[in-house]
Amino acid sequence: MARRENGRGVLYGAEVEVPVEIAASYRARTRGLLGRDGFAGALLLTPASGVHTFGMRFAIDVAYLGRDFTVLGVRTMRPGRLGRPRLRARHVLEAEAGAMARWGVRRGVRLRVGAEGG
């Protein structure tokens, strides 16, 4: 798999196309959604196998993705929680709580991230 860079793109494979922000650098992954009051779209942390919500201002949905972007599991996390890393997860997708269900992101769905506007 090619190494990803920070940037923007579109998430395909769910029931709708979703704007996605890619956090590939250590600094971008560390910041994540911290300090934000909300977020339209999704944040892809890559590489990542787990997340926490310490310092978060809102609950989030977390989708753990395998190497081929197949969803291994989805959970909702309230602020101030530490999620256990998923052993086979290579990427983590974050969004506001309830978004994954609206988008059709669930276990077994294979996602793809493409270029913005393409």
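The values are calculated or read from the model by the stated rules, or taken from the named source; none is laboratory data. Worth saying up front: this structure is predicted, and the values here are computed from it rather than measured. When we count neighbours, we look across all protein chains shown, and the Cβ atoms used for this are built from the backbone with ideal geometry, even at glycine. Accessible surface is based on the protein model in full, side chains and every heavy atom, while ligands, DNA and RNA are left aside. Shrake-Rupley method; radii C 1.70, N 1.55, O 1.52, S 1.80 Å.
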Would you check which residues across segment 105-118 are surrounded by 12 or more Cβ atoms within 10 Å (Cβ to Cβ), assigned to a loop (DSSP other than H, G, I, E, B) and over 13 Å from the mean Cα position of the chain (by Cα) and list them?
-> Val109
Which numbered condition trips up Arg27, out of (1) within 14 Å of the chain's Cα centre (by Cα); (2) free of Cβ contacts under 8 Å to residues at least 12 places away in the same chain?
-> (1)
Would a scan of segment 61-77 turn up a residue that is more than 18 Å from Met100 (Cα to Cα) and at pLDDT below 95?
-> no
Starting from segment 90-118, keep only residues that are more than 21 Å from Arg8 (Cβ to Cβ) and without any contact (Cβ under 8 Å) to a residue 40 or more places away in the chain, then list their pairs with residues that are among the acidic types (Asp, Glu) and open to solvent by less than 10 Å² (accessible area, probe 1.4 Å) whose Cβ atoms are within a distance under 9 Å, requiring at least 6 positions of separation or different chains.
-> Ala97/Asp61; Gly98/Asp61
Within the set of pairs 6+ apart or on separate chains, which have a first residue in segment 57-86 that is within 18 Å of Thr46 (Cα to Cα), a second that is open to solvent by 60 Å² or more (accessible area, probe 1.4 Å) and among the polar types (S, T, N, Q), and C-beta atoms under 8 Å apart?
-> Ile60/Thr76; Asp61/Thr76; Val62/Thr76
